[in-house]
Every structure is written in C-alpha cells, then in structure tokens.
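Undergrad: Questions regarding the structure given below will be posed in turn.
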Amino acid sequence: MTDPRIEFVFGEVNDQLNRELRAFWSQHGNAYQEELKSFQATLSNSQKRMGLLKKPISRQPAAVSRDRLGAINGIVFVVLRELETSLDLGSHAYFQRMYIVPESRRPRLANQLFRAFLHGFDHDAEKRDHRAKVLLAENINPGLQKTFMRRYFARLGFQMLGGNQLGGEIWVRRLKTHFSF
C-alpha cells in the first residue's frame, strides 16, 4: 500500500506545489548537487562511459513525498531528452532521478516513492511525450549499484544498459504506450 503522503504529480503542478518545489530546491538544491559531486569523486575512471544524451527538452517533477508536517522531503523528477540514434532506444527518452533529504531516507520511503512514480507514470501515458519509448534511471549512488539493488530494478522491469560519464549505471525500462483514436 502506498503512503498517503506520497503524490504522483507529473503534469499536475499547480501554483501551490510549484512554490513548495521552489522552496524545496532552494533549501536542498546545494546538498543535492554536492551529493552528486561526492559520488562522482568516488567513481573509477575505468568504468564504461556512454555519451547517450543530447540537450534536455524539459524537466518536471513526477512524484513527491511529504514528512509528517506536510513538507516535501523527497522527489522523483524526469527529464525528457533526445537520444543518440546509435542506442536503438528511439529518438527520445525520459531520464529519472530521485532525491530524498538525508534525515528522511529510509528504504521503505524510497521504495514507496519510486513505486508510486512508476505506477503513475505507467498509467498516465497520455501526459508523456509520445516520442519517448523508454524510461532511463541513472544510478550514480554507489549504494544502488549493489547486487540486491540490481535485482530490485530488474524486478521492476528495468534492464541494465551500461555506464555513463558520471560512472553511474544506466537502467532502461520500456514505457507502455496508449493509443486513442
């Protein structure tokens, strides 16, 4: 069961949520960037690199979690990007990342937030860009590159694609599409 404090918000960001998201990133954006840099510093230069992305087209929040007081404490966001055709994944993809503030990080919350995002993203195909046929997850956190986490991603329908310039693992999941005539 999904926690009622987790919301799928893709394509539904109103003014109130927009203000809350700006406040969240104003408060936690530097910590997020520093965390990304710290992961980059610990990575091996020998890991496979993939130049698979072109310029971002859009960046949107997709799901948020809230603490007991109602403040946002976690977010899943997606970036729509054009892909290199050599990857054979289509012309565009959604690229997903998740951030939970350190004091709220718990496996249960991360699992519920990620599953709520996937469920909503699968069921709201009409809100997605029709050119994107895949969802890519970048697992730059070394903790996500452990065997049990790889099994977790595989159970959720992801397949490992390889590594990227940051040393993270790139996982791909085919998106279900809906056609209406």
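The values are calculated or read from the model by the stated rules, or taken from the named source; none is laboratory data. Because the structure is predicted, anything quoted here is derived from the model rather than measured. All Cβ positions, glycine included, derive from the backbone under ideal geometry; neighbour counts span all protein chains shown. The accessibility values were calculated without ligands, DNA or RNA, using every heavy atom of the protein model including side chains. Shrake-Rupley method; radii C 1.70, N 1.55, O 1.52, S 1.80 Å.
Undergrad: Based on C-alpha coordinates, I'd like the Rg and Dmax of the stretch 70-152, in Å.
TA: Over the stretch 70-152's Cα set, Rg and Dmax evaluate to 14.2, 44 Å.
Undergrad: Explain nothing, just the number: dipole magnitude of the chain about its Cα centre with +1 on each Lys and Arg Cβ and -1 on each Asp and Glu Cβ, in debye rounded to the nearest 20.
TA: Roughly 440 debye, rounded to the nearest 20.
Undergrad: Still on this structure, please answer the following. From the alpha carbon gyration tensor of the chain, can you work out the equivalent ellipsoid semi-axes (sqrt of 5 times each eigenvalue) and give them in Å, largest to smallest?
TA: Here the semi-axes work out to 24, 22, 16 Å.
Undergrad: Using the heavy atoms of the protein chains and a 1.4 angstrom probe, tell me the accessible area per residue for the chain in square angstrom.
TA: Each residue of the chain exposes 57 Å² on average to a 1.4 Å probe.
Undergrad: Place +1 on the Cβ of every Lys and Arg and -1 on the Cβ of every Asp and Glu in the chain, take the dipole about the Cα centre, and give the residue among VAL76, PRO61, GLY167 whose Cα lies farthest towards its positive end.
TA: GLY167
Undergrad: Carbon and sulfur: what percent of the stretch 100-181's accessible surface (1.4 Å probe)?
TA: The nonpolar share, carbon plus sulfur, comes to 56 percent.
Undergrad: Follow-up. Once phi is turned into ³J(HN,Hα) by the Karplus curve 6.51 cos²θ - 1.76 cosθ + 1.60 with θ = phi - 60°, what whole-Hz value does each residue of the stretch 92-101 show in order, with x for glycine and proline?
TA: Residue by residue, the stretch 92-101 yields 9, 8, 8, 10, 10, 9, 9, 9, 10, 4 Hz.
Undergrad: On to the next question. Could you work out the helix-only [θ] at 222 nm for the chain, with each DSSP H run of four or more residues adding -39,500 (n - 2.57) and the total divided by the number of residues, to the nearest 500 deg cm²/dmol?
TA: Calculated at 222 nm, the ellipticity per residue is -10000 deg cm²/dmol.
Undergrad: Let me ask something else about it. In whole percent, what relative contact order does the chain give with Cα contacts below 8 Å and a gap of six or more residues?
TA: 24 percent
Undergrad: In percent, how large is the relative contact order of the stretch 75-181, given Cα pairs closer than 8 Å and 6 or more residues apart?
TA: It comes to 25 percent, rounded to a whole number.
Undergrad: For the stretch 56-111, what log10 I(q)/I(0) values come out of the Debye formula at q = 0.16, 0.17, 0.20, 0.22 1/Å, with one point per alpha carbon and no solvent?
TA: Here log10 of I(q) over I(0) equals -0.59, -0.63, -0.74, -0.81.
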